[in-house]
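Reading through the structure tokens given below for one structure.
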Amino acid sequence: MGRYASVDSGLGNSFEDKQIVEIGAGKASMGIVIVGKVVTSSVVRLELVLRRLRTALIWREHVPNMQLVCGNVFSLPFQHKSFDFIIANSFLHHLPSIREGLLK
């Protein structure tokens, strides 16, 4: 998590009491940093690859308001406007259509 160490410096309380989804979360590094630095209602970690999602299981006992969801950004398993913030760190370049992904 070294490269995310200063992520909180500009956040203030932007995420306080908000619903956040982290898309293409990999090992959930960004979500863990945010949950550790600010009080959120929840952070949902959405990952397409199940084995990557499993790597975040170790955080479940330390981060009770983090949910792990296996799913596809083009077929989101959430209701419209479920989240206040979307985190897509190092993710957009994986999409076949960045424009379509942003519109979702």
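The numbers here are math on the coordinates, done by the rules we state, and not lab data. In this text, all values refer to a predicted model and were calculated from it rather than measured experimentally. For neighbour counting, all protein chains shown are included, and Cβ atoms are generated from backbone atoms with ideal geometry for every residue, glycine included.
I need the shape label for the range 46-96. Rule: rounded when a/c is under 1.5, else prolate if a/b > b/c, else oblate, with a, b, c from the alpha carbon gyration tensor. Oblate shape, in that a/c is at least 1.5 and b/c is the bigger or equal ratio. From most to least packed by mean Cβ count within 10 Å, the peptides 52-62, 72-82 give 52-62, 72-82. For F74 and S41, the FRET efficiency from 1/(1 + (r/R0)^6), where r spans their Cβ atoms and R0 equals 25 Å, is about 0.45.
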